[in-house]
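Input: a single structure, listed below in C-alpha cells.
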Amino acid sequence: MATGKADDENGGVTHGALLRRFATAVLSNAEDLDEARERLIDAIGESATAQAASIVACFDGLNRVADATGIRLDPESEARGASKIVEILEFEALGAARSQAPATRRDRASP
C-alpha cells in the first residue's frame with residue numbers, strides 16, 4: 001500500500017484514496033472500517049470491494065508469515081535500498097515488513 005505523497009489524492013490509481021483508506025482501516029482495525037467499506041462498495045461495487053479485501057488480507061497474511069519466521073530482506077534487496085523504502089513508507093508502523101533477526105537452529109531447539 002502506497003502511503004507516500006502523490007500529485008493527487010488517488011496516487012494515479014482510480015479510487016486510490018478510497019482503496020488506501022479501506023486497506024489502512026482493515027490493517028489497523030480502525031473504528032471507521034464499516035464506513036470505509038461502504039464508501040468503497042458505493043464507488044466500485046461489492047465484487048471489486050471483495051477482491052480488494054482479499055488482496056489486503058493476502059498481503060497481510062504474507063507479512064505475518066514473514067514476521068513469524070523471522071524472514072529478513074535478502075542482501076540484493078537491501079543493497080538496492082529496500083529497507084529505506086520500508087522506512088520512508090512507514091510500513092513498520094502498519095506492523096508489516098518488520099525485519100527481525102531470523103531464529104537460529106539453536107534458538108528453535110531451546111525449550
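Bear in mind that the values in this text are calculations on the coordinates, not laboratory data. The shown structure was predicted, so the numbers you read here are calculated from the model rather than taken from an experiment. Glycine also receives a Cβ, built like all others from the backbone with ideal geometry; neighbour counts cover every protein chain displayed.
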*Apply 1/(1 + (r/R0)^6) to the Cβ-Cβ distance of A68 and A48, taking R0 = 25 Å, and write down the FRET efficiency to the nearest 0.05.*
0.25
*So, by mean Cβ neighbours within 10 angstrom, what's the order for 76-87, 11-22 with the highest one leading?*
11-22, 76-87
*Report the local net charge at V56: Lys and Arg +1, Asp and Glu -1, summed over other residues whose C-beta lies under 12 Å from its C-beta.*
+2
